[in-house]
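*Asks:* Take this structure first; my questions come after.
The values are calculated or read from the model by the stated rules, or taken from the named source; none is laboratory data. What you are looking at is a predicted structure, and each value in this text was computed from that prediction instead of being measured. Cβ coordinates were reconstructed from backbone atoms using ideal geometry, including for glycine residues, and neighbour counts include every protein chain displayed.
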Amino acid sequence: GKAQSEEVATVAEVLRGSEGTIVVCAPNPVSPTIASAMTGGAANLSVALHGKAASDHLVVAPPEVNTHGLLDIGIAVEGTNNPLEGLTGLLVVRDDPTMRLPGAAAALQGLDALVVIDNVAHETAKQATVVLAEGRSYASKGTYTQGDFRIQRLEPAIAPEGDAVTCFAALSALAEPLNIEVPSEPETALFAIANEVPEYQPAADLIIGEGIKLEVPASGQGTITPIAEISTKGEGLRIITGRDQYTATDAAALRHPEAERLHRYDHMQVSEEDAERLGIANEDEIELTDGELILRAPVTITDRVPEGAIYVSSLLQGGAVVGFFRGANLPKVRLNIPIPA
């Protein structure tokens, strides 16, 4: 098919001579609208390069380690831009929505009941009606389905400490008074999953090893999909964000100053051109604002950020950048240098 945009056509022309090109996409972690556009653009590029074999040459990184596993058993398969809308009660398992969803903090305050199962005292846990302490994945039994569709068995390496329990035990204890029937043991749950999703049976039978790679059939389709243009809002620099590979998520949720031990991604990053234009030096504290939200942090000047943009890790200061992505537009922010009092 014909590439749907001039940009896709240009990139496809450059890459077409490289045999076996793989298109890799890591969608924006805080904006469903932008993530959708990024994934659609990557798919269109793969189609432009490989036609009906596009799905064999496209890799979309999942936002979390077990996302594919959740989708395989039917959880959140439809998706929504605002999963908290209209809820009166919420059960949160090993997650802090305030780090991922614009407006989550305000939405959580409006709930009648908020139950959190976790071992991190993050912002969502602080707002909870009840927090059930659990031993995290190191104390759990079950499976992870990784980004390459490899199912890996998980066996307990530690016992939960203090009053903490396993995640399975916490969920089972909640299910009983709600008259929800659940498997009695993690092993029983795994075989129940395998019964519903036969592809998981080899993983259920696995005792030890590197896991089982799921065979994901190619679609055999190569259709260019129109992508709605995303407009920008505001004036100034465009925000680029993503989850960096060096910040510890749990520590970031606690707003710990050593969440990124080498202090690279606890800085905002601007281009050399913008730094010269604005008179900014490395380690200067800068301020971003869209007129409502203000975010301050030291700055690093780099040639890896394009002129007219600023990079902010999605984990910086506990996901503070998520607040700029309140709507469906690409946010722009003004950059200021605060004057010390």
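*Asks:* Could you tell me whether any residue of region 111-120 is more than 20 Å from Val65 (Cα to Cα), in contact with a Gly (Cβ under 7 Å, 6 or more places away or on another chain) and exposed (fewer than 14 other Cβ atoms within 10 Å of the Cβ)?
*Replies:* Within region 111-120 (the criterion being more than 20 Å from Val65 (Cα to Cα), in contact with a Gly (Cβ under 7 Å, 6 or more places away or on another chain) and exposed (fewer than 14 other Cβ atoms within 10 Å of the Cβ)), the answer is yes, since at least one residue qualifies.
*Asks:* Considering region 164-211 alone, what residues qualify as being within 27 Å of Ala53 (Cβ to Cβ) and touching a Lys or Arg at 6+ places or on another chain (Cβ under 7 Å)?
*Replies:* Residue satisfying the conditions is Gly211 alone.
*Asks:* On to the next question. Please count how many residues of region 156-171 are touching a strand residue (DSSP E or B) at 6+ places or on another chain (Cβ under 9 Å) and surrounded by 11 or more Cβ atoms within 10 Å (Cβ to Cβ).
*Replies:* Going through region 156-171 one residue at a time, the tally reaches 9.
Conditions (1) in contact (Cβ under 8 Å) with a residue 12 or more places away in the chain; (2) in contact with a His (Cβ under 7 Å, 6 or more places away or on another chain); (3) among the β-branched types (Val, Ile, Thr); (4) within 27 Å of Gly20 (Cα to Cα), marked per residue:
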{"site": "Ala43", "(1), (2), (3), (4)": "yes, no, no, yes"}
{"site": "Gly51", "(1), (2), (3), (4)": "yes, no, no, yes"}
{"site": "Ser55", "(1), (2), (3), (4)": "yes, no, no, yes"}
{"site": "Pro62", "(1), (2), (3), (4)": "yes, yes, no, yes"}
{"site": "Gly74", "(1), (2), (3), (4)": "no, no, no, no"}
{"site": "Arg94", "(1), (2), (3), (4)": "yes, no, no, no"}
{"site": "Ala107", "(1), (2), (3), (4)": "yes, no, no, no"}
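*Asks:* Ok, one more. Looking at region 279-292 only, could you name the residues that are surrounded by fewer than 16 Cβ atoms within 10 Å (Cβ to Cβ) and among the hydrophobic types (A, V, I, L, M, F, W, C)?
*Replies:* Residue satisfying the conditions is Ala281 alone.
*Asks:* Let me ask something else. Going through region 30-70 one residue at a time, which ones are of a type in the set (S, T, N, Q) and part of a helix (DSSP H, G or I)?
*Replies:* The answer is Thr33, Ser36, Thr39, Asn44, Ser46, Ser55, Thr67.
*Asks:* What do you reckon, is Val14 aliphatic (A, V, I, L, M) and under 28 Å from Ile151 (Cβ atoms)?
*Replies:* no
*Asks:* Taking the residues in region 183-202 that are in a helix (DSSP H, G or I) and among the β-branched types (Val, Ile, Thr) as candidates, determine which candidate is surrounded by the fewest Cβ atoms within 10 Å (Cβ to Cβ). Can you show your working first?
*Replies:* Residues of region 183-202 that are in a helix (DSSP H, G or I), as a first pass: 186-196, 198-202.
Cutting the leftovers down to among the β-branched types (Val, Ile, Thr) gives us 188, 193.
Working: Thr188: 11, Ile193: 20.
Ranking the qualifying residues of region 183-202, first place goes to Thr188.
*Asks:* Then there's this: Is one or more of the residues making up region 68-91 in the same structural domain as Glu196 (by TED's automatic domain parsing), in contact with a Cys (Cβ under 8 Å, 6 or more places away or on another chain), buried (at least 16 other Cβ atoms within 10 Å of the Cβ) and within 27 Å of Ala128 (Cα to Cα)?
*Replies:* The answer is no; no qualifying residue exists.
*Asks:* When the residues of region 296-341 are filtered to those that are under 17 Å from the mean Cα position of the chain (by Cα) and among the polar types (S, T, N, Q), which remaining residue is surrounded by the most Cβ atoms within 10 Å (Cβ to Cβ)?
*Replies:* That would be Ser313.
*Asks:* Still on this structure: Please specify each residue of region 255-296 satisfying the condition of being over 14 Å from Gly323 (Cβ atoms), touching a residue at least 24 places away in the same chain (Cβ under 8 Å) and hydrophobic (A, V, I, L, M, F, W, C).
*Replies:* Once the filter is applied, which keeps residues that are over 14 Å from Gly323 (Cβ atoms), touching a residue at least 24 places away in the same chain (Cβ under 8 Å) and hydrophobic (A, V, I, L, M, F, W, C), region 255-296 yields Ala259, Met268, Val270, Ala275, Leu278, Ile280, Ile286.
*Asks:* Consider region 207-227. How many of its residues are modelled with pLDDT of 85 or more and of a type in the set (Gly, Ala, Ser)?
*Replies:* Within region 207-227, residues that are modelled with pLDDT of 85 or more and of a type in the set (Gly, Ala, Ser) number 1.
*Asks:* How many residues, within region 224-280, are over 17 Å from Gly308 (Cβ atoms), of a type in the set (S, T, N, Q) and in contact with a helix residue (DSSP H, G or I) (Cβ under 6 Å, 6 or more places away or on another chain)?
*Replies:* Summing the residues that are over 17 Å from Gly308 (Cβ atoms), of a type in the set (S, T, N, Q) and in contact with a helix residue (DSSP H, G or I) (Cβ under 6 Å, 6 or more places away or on another chain) in region 224-280 gives 1.
*Asks:* Could you tell me which of the residues Leu171, Leu190, Leu178 is within 29 Å of Ile73 (Cα to Cα) and at pLDDT below 90?
*Replies:* Leu190
*Asks:* Quick test of your reading of the structure: Leu154 fulfils all but one of (1) in contact (Cβ under 8 Å) with a residue 40 or more places away in the chain; (2) under 25 Å from the mean Cα position of the chain (by Cα); (3) farther than 22 Å from Asp96 by Cα. Name the failing condition by number.
*Replies:* Against the list (1) in contact (Cβ under 8 Å) with a residue 40 or more places away in the chain; (2) under 25 Å from the mean Cα position of the chain (by Cα); (3) farther than 22 Å from Asp96 by Cα, Leu154 comes up short only on (1).
*Asks:* Would you pick out the residues in region 292-341 that are among the β-branched types (Val, Ile, Thr) and not in a helix (DSSP H, G or I)?
*Replies:* Ile294, Val299, Thr300, Ile301, Thr302, Val305, Ile310, Val312, Val333, Ile337, Ile339
*Asks:* OK, next. I'm checking my understanding of the structure. Among residues of region 203-252 that are surrounded by 15 or more Cβ atoms within 10 Å (Cβ to Cβ) and within 30 Å of Ala189 (Cα to Cα), which one is nearest to the chain's Cα centre (by Cα)?
*Replies:* Of everything passing the filter in region 203-252, Thr249 is nearest to the chain's Cα centre (by Cα).
*Asks:* Run down Asp266, Asp244 and say which single residue is part of a loop (DSSP other than H, G, I, E, B) and touching a Pro at 6+ places or on another chain (Cβ under 8 Å).
*Replies:* Asp266
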